[in-house]
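Notes for the one structure printed next.
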């Protein structure tokens, strides 16, 4: 998320302009200087396996580590969060996109069908859809789903817009106008991904401050 701000803004938020901490000067010793952009670990070293999630769920950790310890290759699911969600998706005409804190969503109906921005359909599903089961729309912490990663023309932003528009019959431009914070809501867990940033359809280059 730091890529949405300049290094100066990040430092100020951490040390001087944060209402939850006592203001102080930025450390100048031992602490390395902030780079203009946050680099994902995969840019610096070869990564054999990624364990997505915030945090990774215990079942996923077990499903990956146990086979590796035994000398086998892990067999992990490649489906999206929606595949594990028990909510029912349906076409319902509406003209307002809701913030997560607004109203009381129907516990049995798909969040997208109710006008809530839920990232489950574009997020890799290795969590068991725990958030949606608890009444919270998916934030996308598992990273992009396989169809998003594989297709050059697919991006988390345009796919979410398309799905909300399809379910609600709202014009694409009306859905886009109501997404008030694209960086945090849609790209929150993929901003540091060079794969996602390099997509021609991605809005990440317009959002990051390098």
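Rule-based calculations on the coordinates, nothing more; no lab input. The structure presented is a predicted model; accordingly, all values stated were derived computationally and were not measured. Positions of Cβ are backbone-derived with ideal geometry, glycine not excepted, and every protein chain shown enters the neighbour counts.
How many Å³ per residue does the convex hull of the Cα positions in region 110-165 occupy? Walk me through the numbers on the way to the answer.
Working: hull volume 3.8 nm³, N = 56.
Per residue, the Cα convex hull of region 110-165 comes to 68 Å³.
Please find the FRET efficiency linking residue 35 to residue 92, where r is the Cβ-Cβ separation and R0 is fixed at 41 Å, and quote it to the nearest 0.05. Spell out each step's value before the answer.
Details: r = 45 Å, r/R0 = 1.11.
E between residue 35 and residue 92, to the nearest 0.05, is 0.35.
Using just the helices of the chain, give the 222 nm mean residue ellipticity in deg cm²/dmol: DSSP H runs with n ≥ 4 each add -39,500 (n - 2.57), and the total is spread over all residues, rounded to 500.
Values: 10 runs with 66 residues, N = 210.
Computed ellipticity for the chain at 222 nm equals -7500 deg cm²/dmol.
Between 94, 189, 15, where does the largest GNM mean-square fluctuation fall for the chain, given springs only between Cα atoms within less than 10 Å?
Comparing 94, 189, 15 in the GNM, the peak value goes to 15.
So for region 76-203, what are the equivalent ellipsoid semi-axes in whole Å, largest first, each being the square root of 5 times an eigenvalue of the Cα gyration tensor? Working shown, then result.
Values: eigenvalues 90, 66, 32 Å².
Equivalent ellipsoid semi-axes, largest first: 21, 18, 13 Å.
Springs between alpha-carbon atoms under 10 Å, Gaussian network over the chain: tell me which of 108, 17, 84 tops the mean-square fluctuations.
17
Would you calculate the separation in nanometres between label points at residue 177 and residue 20, each defined as 7 Å from the Cα along the Cα-to-beta-carbon direction?
3.5
Identify which of 61, 160, 191 has the largest mean-square fluctuation in a Gaussian network model of the chain, with springs joining Cα atoms closer than 10 Å.
Sorting by GNM fluctuation, first place goes to 61.
Using only Cα atoms, what is the ratio of the radius of gyration of region 1-157 to 2.2 N^0.38 Å? Intermediate values should be presented prior to the final figure.
Working: Rg = 19.7 Å, N = 157, 2.2 N^0.38 = 15.0 Å.
Taking the Cα Rg and dividing by 2.2 N^0.38 Å, one obtains 1.31.
Once a ≥ b ≥ c are taken as the square roots of the eigenvalues of the Cα gyration tensor of region 14-103, is the result rounded (a/c under 1.5), prolate (a/b larger than b/c) or oblate (a/b not larger than b/c)? Don't skip to the answer; put the middle values down first.
Details: a/c = 2.69, a/b = 1.15, b/c = 2.33.
Because a/c hits 1.5 or more and a/b fails to exceed b/c, region 14-103 counts as oblate.
Could you tell me whether region 23-76 comes out rounded, prolate or oblate from its Cα gyration tensor? Rule is a ≥ b ≥ c as square roots of the eigenvalues, rounded for a/c under 1.5, then prolate if a/b exceeds b/c, otherwise oblate.
Because a/c hits 1.5 or more and a/b exceeds b/c, region 23-76 counts as prolate.
If I take R0 = 22 Å and measure r between the Cβ atoms of residue 49 and residue 195 in this structure, what FRET efficiency does the formula 1/(1 + (r/R0)^6) give, to the nearest 0.05? Before the final figure, lay out each step's value.
On the way: r = 16 Å, r/R0 = 0.74.
Here the calculated transfer efficiency is 0.85.
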